[in-house]
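**Student:** Starting off with a structure, shown below.
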Amino acid sequence: MADKTLIKSKPSRPQTDAPSKLAALSIPDTLSSLHVNADNGLTTAEANAAIEKHGYNEVAEEKEHPVLRFLHKFWGISAWMPELILVLSAVLGNYADLAVVASLLLVNAVIGFLQERRAVGVVQALRKQLQVSARVLRDSTWAVLPSRELVPGDIVRVRPGDIVPADIKLLAGTLTIDQSALTGESKAADKVSGDVVSSGAIIRRGEGNGVVILTGANTYFGRTTELVQRATPKLHIEAVIGKVVQKLLFIVGVLLSIVVLLTVIRGVPLIGLLPLLLVLLMSAIPIALPVLLTVAMAVGSKDLAKRGVLVTRLSASEDAATMDVLCVDKTGTITMNQLAVTEVMPLDGASEADVIVSGALASQEADQDPMDLAFIAAAKERHVFDGLPVFKPISFAPFDAKNRRTEAVIEQNGVRIRVMKGAVRTIAEACRLEASSIAELESRVSQSAGKGYRTLAIARGSEKGPVKLLGLVSLMDPLRPDAKQLIATLRDLGIAVKLLTGDALEVADNIAGQVGLPNVRRISDLKEVEAKSAEHATDAFNGVDGFAEVFPEDKFLVVQKLQAAGHVTGMTGDGVNDAPALREAEVGIAVSTATDVAKGAASVVLTEPGLTNIVTLVEQGRTIYQRVVTWIINKMSHTILKASFVSIAYVATGKFVISAFAMLILTFVMDFATIALATDHVQPSKKPETWNIGGLISVAVMLGVAMVVEGLLLLAIGWHRFGLATNAGALTTFSYLLMLYFSLFSILNSRERHAFWSTVPSTPLIVAISSVAIAGTALTRLRLASLMPLPWPQTLAVFAYAMTSCLVLNDALKVAMIRWRVPANRASDASGSGEGNRR
């Protein structure tokens, strides 16, 4: 659906320079042609003028015509059934039935069309929020802007994990890019200064500045890559409902076979039986399911978006309901991701200013990396550059997980100097220190780690010669004020939280202990166990609250091991190397500061700092789960009631107790009532859900059987007391009202796992049930086709009988069945809760 109803942007107007011309120009000529200075970038006024000239950096995608979308509502199994009835009614000359069925078919299509448009509006709103961002030099200041606002001439900076937002010419730096999503070739490509990098490519290594040469529809690949997942994987909900429908079709098929056999034996023409057969089959097909799921997902997604949670994969909410383990990063989730220099330890005669200067020179402000920003902020606060000669940057190598350091070459007074900062052992080895000296340094690092500090080493030397260790710098990332409460809340919801961090064990222990995660181990411990016995590797998670010294690729291993142990796993991440783990996890969550690649791999993107909104995601998922389970219970019990009541009554009396027209009316009006379940009040369960709902299915079957028995008993009374045996119209109306009231009251019964009065239904559900009851009864007073008015005492008697049966007898039966069939710890959780804690 989403891929056919994308936002149609302002068309990009043809840009003045052809792609081949701009690509062939030298860097100075390219900048001159685009009228931009690489050191200052465009001004806001120039950018706005360029947008007016070229349009936004996005591609107009044609919407499917509304008329075609509406006509699609008349295609599919849920539409074919009433359409067949139309044909048969015309053949049999039942023109009154034909007119009403056509009207009902039209009304159902209109409602489905309007609800789908509502969901499309939500998807479009999400797409507007979840677009690729870019670091842009505007008005001589670096800023992060939506990629749609880029124009030719903009100076942008790309880093590992970025999705290139437009066609750019690289001005400085060396990149390794992944173009597999664009060209189909998995081999990485290297780009150097002067090369063109196409929109949609992913930066794997390196970083650099570039100038935008083409945007929107004029880019080489003709579109801007956005991050909304367009794939619609099959939901577990749909698989479960598919199995339920198969069972219902089997039950209906058996009953209809018996009816057909008896019809043949009794010599009744089969042609008159066909409309009723089609309608009974329709009762087993989930006509309302698409609209129900559309409404539930649209309402849920819209609510989550308001709370800072963007769902980019349809299954995310459902998986969040069953998630029982959540792996979280430390930085930016448990902590503020706002590093600050707390202690400077100069060595070998260096001063604190020397250490800070070199650390700041080995940082890059344009990258907006928290560690780099901490050094730059410390340098500004201490004014360490005051009075020093101007430093001219020559090259910069960003942090890489393999070498664990950043390195820059700068020029001062014509002399080139190399500066670096990074992990203490890495820098010490680069300085060629002896093992004893390295051990002494690591001892000091351990002391700082015990306080929760992260310590880096700073070194400096000539461009080609050796480097000298200048000192150590301790950084602190303060805890988020809500971190401890968040973890406690997730535990109360039955979700185990495991901390994953690249920090040393001592730092991880300190931070984790403060938020209630006392048992942290090294990831190497897990690997050692796996090396000895893969079967026992999952045991390493027992009682462990997290792992330290984790490399990004280790997160994928952790997710796999948790899944192998039967857990439904959530994973948070922010970097390009987190993407495999985010994709592998059932619930991949990209935090607000995540790279574009991480957001693209995740099924959920947080737009606000921290993980507090994950609680909202879990509760919303469990709410949707419970509403769908309630729908399943209703669908099964109602189908059993309709099919069994009509079939058994036919066997007993030799008459069809309800006409095809009346049954069709009943099916449609009840669909409208059950759709309102998507908005019902539901208290989320306190434990992870599961789709192993065999106990609740048994309850649904038993409720259906109970209503059949009660309905047949009332029919027997009416047969003898109300003269139904000799009045076909009265018999049809009586049976129609009986099944209408039973179905409506059973909704109030089945929506609660405890006594029906335990919670109050939502206002839309109350309005829907009341409206259907009034409208359904009013239809019998209009003398439509086979329906005729019943005396009001008889109508009220059927109403009271159905209410007493469903809300007294069947409600008590339901509570007793749930206590027997559903484990106590699940039945007592909350209204509408499921059972079990594994999928």
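The values are calculated or read from the model by the stated rules, or taken from the named source; none is laboratory data. Quick caveat: nothing in here was measured; it's all calculated off a predicted structure. Neighbour counts run over all protein chains shown; Cβ positions are idealised from the backbone, glycine included. The accessibility values were calculated without ligands, DNA or RNA, using every heavy atom of the protein model including side chains. Shrake-Rupley method; radii C 1.70, N 1.55, O 1.52, S 1.80 Å.
**Student:** Mind telling me which of the residues ALA379, ALA362, ALA353 ends up being free of Cβ contacts under 8 Å to residues at least 60 places away in the same chain, open to solvent by less than 10 Å² (accessible area, probe 1.4 Å) and at negative phi? If you could, list the steps in order and put the result at the bottom.
**Tutor:** Details: ALA362 fails: free of Cβ contacts under 8 Å to residues at least 60 places away in the same chain; ALA353 fails: open to solvent by less than 10 Å² (accessible area, probe 1.4 Å).
Just a single option satisfies the conditions, and that option is ALA379.
**Student:** Among the residues of the range 751-759, is any open to solvent by 30 Å² or more (accessible area, probe 1.4 Å), under 30 Å from VAL568 (Cβ atoms) and outside any helix (DSSP H, G or I)?
**Tutor:** Keep residues of the range 751-759 that are open to solvent by 30 Å² or more (accessible area, probe 1.4 Å), which gives 754, 756-759.
From the residues that got through so far, the ones that are under 30 Å from VAL568 (Cβ atoms) too are 754, 758-759.
Adding the requirement that they be outside any helix (DSSP H, G or I) leaves 754, 759.
Yes: the range 751-759 contains one or more residues that are open to solvent by 30 Å² or more (accessible area, probe 1.4 Å), under 30 Å from VAL568 (Cβ atoms) and outside any helix (DSSP H, G or I).
**Student:** Return the residues of the range 471-494 that are assigned to a strand (DSSP E or B) and of a type in the set (Ser, Thr, Tyr); say none if nothing qualifies. Quick ask: steps written out before the conclusion?
**Tutor:** Within the range 471-494, the subset assigned to a strand (DSSP E or B) is 471-476, 479.
Answer for the range 471-494, where residues must be assigned to a strand (DSSP E or B) and of a type in the set (Ser, Thr, Tyr): just SER474.
Quick grid of which residues meet (1) open to solvent by less than 40 Å² (accessible area, probe 1.4 Å); (2) in contact (Cβ under 8 Å) with a residue 40 or more places away in the chain:
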site: ARG138; (1), (2): yes, yes
site: PRO146; (1), (2): no, no
site: GLU149; (1), (2): no, yes
site: PRO152; (1), (2): yes, yes
site: ILE163; (1), (2): yes, yes
site: LEU171; (1), (2): yes, yes
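**Student:** Oh, and also: Would you call SER186 at pLDDT 80 or above, of a type in the set (Ser, Thr, Tyr), open to solvent by 10 Å² or more (accessible area, probe 1.4 Å) and part of a loop (DSSP other than H, G, I, E, B)? Can you show your working first?
**Tutor:** On the way: at pLDDT 80 or above: no; of a type in the set (Ser, Thr, Tyr): yes; open to solvent by 10 Å² or more (accessible area, probe 1.4 Å): yes; part of a loop (DSSP other than H, G, I, E, B): yes.
So SER186 fails the test.
**Student:** Within the range 613-723, considering only helices (runs of 4 or more DSSP H) that don't extend past its boundaries, which have at least 2 residues that are of a type in the set (A, V, I, L, M, F, W, C) and open to solvent by 30 Å² or more (accessible area, probe 1.4 Å)?
**Tutor:** Details: elements: 613-653, 660-675, 694-721.
By residue number, 613-653, 694-721.
**Student:** For ALA601, indicate whether it is at pLDDT below 85, crowded, with 24+ Cβ neighbours inside 10 Å and closer than 17 Å to ASP319 by Cα.
**Tutor:** Values: at pLDDT below 85: yes; crowded, with 24+ Cβ neighbours inside 10 Å: yes; closer than 17 Å to ASP319 by Cα: yes.
When the stated conditions are applied, ALA601 passes them.
Residues are listed down the side, and each one gets a yes or a no for (1) assigned to a loop (DSSP other than H, G, I, E, B); (2) among the aromatic types (Phe, Trp, Tyr):
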{"site": "PRO389", "(1), (2)": "yes, no"}
{"site": "PHE399", "(1), (2)": "yes, yes"}
{"site": "GLU411", "(1), (2)": "no, no"}
{"site": "LYS421", "(1), (2)": "no, no"}
{"site": "THR426", "(1), (2)": "no, no"}
{"site": "SER437", "(1), (2)": "no, no"}
{"site": "LEU441", "(1), (2)": "no, no"}
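**Student:** Here's a follow-up. Pull out all pairs, ordered by first then second residue, where Cβ-Cβ is under 7 Å, the residues are six or more apart or on different chains, the first lies in the range 444-467 and is under 23 Å from PRO518 (Cβ atoms) and small (Gly, Ala, Ser), and the second is open to solvent by 80 Å² or more (accessible area, probe 1.4 Å) and part of a helix (DSSP H, G or I).
**Tutor:** No pair meets every condition.
**Student:** Continuing with this model, one more query. Got at least one residue in the range 785-805 being at pLDDT 90 or above and under 16 Å from THR630 (Cα atoms)?
**Tutor:** There is no residue in the range 785-805 that is at pLDDT 90 or above and under 16 Å from THR630 (Cα atoms).
**Student:** Considering only helices (runs of 4 or more DSSP H) fully contained in the range 1-108, which possess at least 2 residues that are at pLDDT below 80?
**Tutor:** Numbers: elements: 19-24, 27-33, 44-54, 66-71, 77-92.
Passing ranges, in order: 19-24, 66-71, 77-92.
**Student:** Does the range 300-357 hold any residues that are among the charged types (D, E, K, R) and within 17 Å of the chain's Cα centre (by Cα), and which are they? Step through it out loud before you land on a result.
**Tutor:** Restricting attention to the range 300-357, the residues satisfying the condition of being among the charged types (D, E, K, R) are 302-303, 306-307, 313, 318-319, 324, 329-330, 343, 348, 352, 354.
Scanning the range 300-357 gives LYS302, ASP303, LYS306, ARG307, ARG313, GLU318, ASP319, ASP324.
**Student:** Now, a different point. Pairs needed: first member in the range 796-820, free of Cβ contacts under 8 Å to residues at least 12 places away in the same chain and in a helix (DSSP H, G or I); second member anywhere, open to solvent by less than 30 Å² (accessible area, probe 1.4 Å) and among the small types (Gly, Ala, Ser); C-beta distance under 7 Å; at least 6 residues apart or different chains.
**Tutor:** Taking only residues 6 or more apart or on different chains, the pairs are ARG819/ALA827.
**Student:** With respect to VAL409, is the statement that it is modelled with pLDDT of 85 or more and open to solvent by 60 Å² or more (accessible area, probe 1.4 Å) true? Give the derivation first.
**Tutor:** Values: modelled with pLDDT of 85 or more: yes; open to solvent by 60 Å² or more (accessible area, probe 1.4 Å): no.
No, not satisfied.
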